[in-house]
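Below is one structure; the comments refer to it alone.
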Amino acid sequence: MIIGLRLKNKISGVLESFVNSYSQVFFSDNKIFGVILIIVSFFDFWAGFSGIISVFVTNLIAYYLGYNIFTIKKGSYGFNSLLVGLGVGLTFQPGIELFFIVFFASVLTLFISLFLEGIFAKYYLPFLSIPFLFGMWIVMLSSRDLLGLGLSERGIFTTNELFQIGGKSLVDIYIFIDNIHIPEIISTYFLSLASIFFQYNIFAGLLIAAGLFFYSRISFLLSIIGYFTAYAFYHFIGADITQYGYAYIGFNYILMAIAVGGHFLIPTKKSFLWVILLLPVVVLITLSIGKLLIPYQLAVYSLPFNIVVILFIYILKLRYIHDENLTEVILQLNNPEKNLYFHNQAVKRFKWLKFFPISLPFMGEWTVSQSENGEYTHKGEWKYAWDFIITDNKNQQFKNNGDLPEDYFCYGKMICAPADGIIVEIIDGIEDNKIGDVNLINNWGNSIVIKHTEYFYSQLSHIKKDTFKVKKGEFIKKGDVLAQCGNSGRSPYPHLHFQLQATPYIGSKTIDYPIDHFIVNQDNKFDFLSFNKPKLNEKVSNIKVCNILKDSMNFIPGQKLEFNAKYENGKENFVYWNVETDVYNNTYIHCEQTNSFAYLYNDNKINYFKNFIGDKNSALYYFYLSVYNVSFGYYEDVIISDSIPINIVFNKYLMYLQDIFAPFFLFLNTRFELKYLSIDNELSPEKIILESKLTNYFFKKSLKSLSFDIQIDNKGIFEIYSKNKIKLTRKID
């Protein structure tokens, strides 16, 4: 069965690379859109046939040369050769000479693609359709000496050609559409779309427009904005609008709008504004380059689009200050809506990825005695710092009368490394103060500075004399014991001072920076916080990891998961999943039966699921929803809250409406909550019960919810149950 699935997936991969080569012209990997474009390419049979040859030749050679199979499957190499094949196939008469030229032009275009990929990748820039330009221009210039190639006369009798493709019914549709009076402003829009695939009829443009709308409402909206803006500018400057169709240049404005407005940048109001501002630039470049190429009898093709898009993306990379409303796409999902929804969630969920993870520098529970902008110190350039003490259940920090340092609960307690790093400075030998006294000469007391990354250091101060367990220059790991809490320096009573800074000197000015994950205890009610900052009088601690929770969510590449799945319709089957990593070192769970993928991130304290791709009726999809965010610390009644990209949850018909307005505002939302219900034994647990809940919202009004009961034992996740949906039970060997 597994071998059959793998063979099926290989065949699927070949077909995927073929179809994606078509859809990639519009920065898409949508299979239905790709099929529509294949159909459009066959409005001229020999052009369509030449396109097929080009794609297969390119992908086959790239595969056997050993290039990245993932890139080949995306259609990243095939789409440029496809355009060359279409252009050559349409321009010249069919014959053996034509197919030889198509073959070698495809090879040449692939080589140009690989060459440009190597150059542009250094600057994290796309090579777009530059290989097509070079390939097409080379063929057109050399064709004047290739006497065996005759110019095509096809396109003169369009109805005859359509009859050969689809019979009388297709001709009738074409005539019906052709007889409809369509204003120039609309007809040239469809002709501009059709010209992308070297077609010159409105019917082809209508099909592409329909496919574009099906694939992405945002891309469709951008195509209209791009076209109408350019159209208006042509009229404004008095240029000849007929160039839109006949010279194959109208698509420059459409593709530029889609590329800048929604593909390479997250679609927002500001990205849309830049589309409008850049389009007149594309028009001017189009008109000027057209004049330069006339002596060589070469068409402009997509050159203006390439120039403006690459130039704009490059200058954005040189920014010193990044605008959150004009953000480049980091994880490319080949769909503007998916890019937007994933980005919106990533800003909330993974904003911490830009932070180096820093933990609290101690074991157990401590209390914040002074926080930012403190009452006594932590002022001005040193305002971003914390002082920690230990208090009892009566909020007292000492026993007896508190006259001696030893009376204080934190005195002599171990302090730990907040993260991996190198010890760059240690000051030792300063005596502890008597209670109430301070040492203003040695203000910081015994201190240690740790370098974590370039321009990022932590400092811990008021340490007890002669208790350091590490030496200067030593590499340490997070959690390693450093020394003991003391009362040296400007410290009237024992406490630990903790700050983060950009320079390696004791007493450096502080920087505003969060703690990664920690627990706040408020009257024995626990709150879980991620990348936040402890506040005054809060009792805080690092997450105490519960091993069976951690082990249950510790998905290791190479691991196999097997569950018995019972569905609401009565269907029952075994599901087999593999834990794998991709070329970008992303870990994911793969279901070969449904070809579905659940991407995850594990930082040894929390397991997050990042994305889901595949069948939303699959067992893996419900698994992804049920354990979307799980902390490895067990704290009864703690609720973990998170949000899920709305396109993963809502049905496609409601999403069609949201997609249109998505760059401007969202009226749909989804909330995930995980609650820790019970544990059989806190010291040595063997069974934990969790409950997760997914709630959908429409304009902040709840619509429906989906709940899961999750049972975990010392062998991992034993059972996940959702009433009227699915029951997953771990397969027992």
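Ranked by the mean number of other Cβ atoms within 10 Å per residue, highest first, peptides 485-498, 642-655, 681-694 order as 485-498, 642-655, 681-694. Under 18 Å of direct C-alpha separation, and excluding same-chain neighbours fewer than eight residues apart, residue 693 reaches these lysines: 610, 616, 675, 701, 704, 723, 725, 727. Legend: calculated FRET efficiency, residue 682 to residue 481, from the Cβ-Cβ distance at R0 = 22 Å, rounded to 0.05, equals 0.35. The distance from the alpha carbon centre of the range 298-377 to that of the range 678-707 is 30 Å, rounded to a whole number. Its relative contact order, with pairs defined as Cα atoms under 8 Å and 6+ residues apart, puts the range 591-733 at 16 percent. With the simple model of a label 7 Å out from the Cα in the direction of the Cβ, residue 581 to residue 377 spans 4.3 nm.
Only Cα pairs under 8 Å and 6+ residues apart enter the sum, and on that basis the relative contact order of the chain stands at 8 percent. Which aspartates and glutamates have a Cα less than 12 Å from the Cα of residue 451, not counting those fewer than 8 places away in the same chain? Output for residue 451: 420, 425, 474. Over 28 Å apart at the Cα level, from the set 394/533; 269/379; 464/539; 338/525, are 269/379; 338/525. Surface composition of the chain: carbon plus sulfur atoms hold 59% of the accessible area, using a 1.4 angstrom probe and ignoring ligands, DNA and RNA. Projected label points at residue 615 and residue 732, each 7 Å from Cα along the beta carbon direction, are separated by 2.7 nanometres. Residue-wise HN-Hα couplings along the range 499-514, as the Karplus relation 6.51 cos²θ - 1.76 cosθ + 1.60 with θ = phi - 60° gives them from phi, are 8, 10, 8, 9, 10, x, 9, 5, x, 4, 5, 8, 10, 7, 8, x Hz; Gly and Pro carry x. Stokes-Einstein diffusion for the chain, with the hydrodynamic radius set to the Kirkwood value over Cα pairs and evaluated at 25 °C in a medium of 0.890 mPa s, equals 82 µm²/s. Shape class of the range 575-685 from the alpha-carbon gyration tensor: oblate, with a/c at 1.5 or above and b/c at least as large as a/b. Each peptide in 543-551, 415-423 was scored by the mean count of other Cβ atoms within 10 Å over its residues; highest first, the order is 415-423, 543-551. Between the alpha-carbon centres of the range 516-567 and the range 441-456 there is a gap of 30 Å. A dipole drawn for the chain from +1 and -1 charges on Cβ atoms has a positive end, and of 344, 729, 409 the residue lying farthest that way is 729. Simple rule: put +1 on each Lys or Arg Cβ and -1 on each Asp or Glu Cβ in the range 312-457, find the dipole, and look at 430, 444, 386; the Cα lying farthest toward the positive end is 386. Spin-label model, residue 142/residue 284: points 7 Å from Cα along the beta carbon direction are separated by 3.7 nm. Applying the criteria of a DSSP loop state and at most 11 other Cβ atoms within 10 Å to the chymotrypsin sites (Phe, Trp or Tyr not before Pro) of the range 545-584 yields 584. Debye calculation, C-alpha points only, no solvent: report log10 I(q)/I(0) for the range 379-502 at q = 0.10, 0.13 Å⁻¹, in the same order as the q values. For the range 379-502, the Cα-only Debye profile gives -0.30, -0.50. Label 7 Å along Cα→Cβ of residue 414; the range 464-478 residues with amide nitrogen under 18 Å? Under 18 Å, as judged by backbone N against the label point of residue 414, lie 464-471, 475-478 of the range 464-478. Here r is the Cβ-Cβ distance between residue 643 and residue 699 and R0 is 22 Å; the resulting FRET efficiency, rounded to 0.05, is 0.90. Taking each of 477/731; 31/652; 413/472 in turn, the alpha-carbon distance tops 26 angstrom for 477/731. Projecting the Cα atoms of 58, 192, 297 onto the charge dipole of the chain (Cβ charges, centred on the Cα centre) puts 192 farthest toward the positive pole. Extension gain for residue 93 to residue 71 (0.36 nm times residue separation, less C-alpha to C-alpha distance): 4.6 nm. Three principal axis extents describe the C-alpha atoms of the range 621-703; from largest down they are 53, 23, 20 Å.
Based on alpha carbons, the Rg and Dmax found for the range 332-374 are 17.6, 50 Å. Applying 1/(1 + (r/R0)^6) with R0 = 41 Å to the Cβ-Cβ distance of residue 355 and residue 399 gives a FRET efficiency near 0.60. Put simply, when 288-294, 254-260 are sorted by average Cβ atoms within 10 angstrom per residue, most first, you get 254-260, 288-294.
For the range 439-542, what log10 I(q)/I(0) values come out of the Debye formula at q = 0.16, 0.20, 0.24 1/Å, with one point per alpha carbon and no solvent? At q = 0.16, 0.20, 0.24 Å⁻¹ the computed log10 ratios are -0.83, -1.21, -1.39.
Net charge dipole, the chain: roughly 460 debye, given to the nearest 20, about the Cα centre with Cβ charges of +1 for Lys and Arg and -1 for Asp and Glu.
For residue 559 and residue 111, the difference between the fully extended length at 0.36 nm per residue and the C-alpha to C-alpha distance is 157.4 nm. Subtracting the Cα-Cα distance of residue 438 and residue 319 from 0.36 nm times their residue separation leaves 38.1 nm of extension gain.
Remark: the chain carries 47 Å² of accessible area per residue (probe radius 1.4 Å; ligands, DNA and RNA excluded).
The values are calculated or read from the model by the stated rules, or taken from the named source; none is laboratory data. Computed from a prediction, not measured in an experiment: that's the story for all the values here. Neighbour counts are summed over all protein chains in view; Cβ atoms, including those assigned to glycine, are modelled from backbone coordinates with ideal geometry. Ligands, DNA and RNA are stripped out before the accessible areas are found, and what is left, the full protein with its side chains, is counted by its heavy atoms. Shrake-Rupley method; radii C 1.70, N 1.55, O 1.52, S 1.80 Å.
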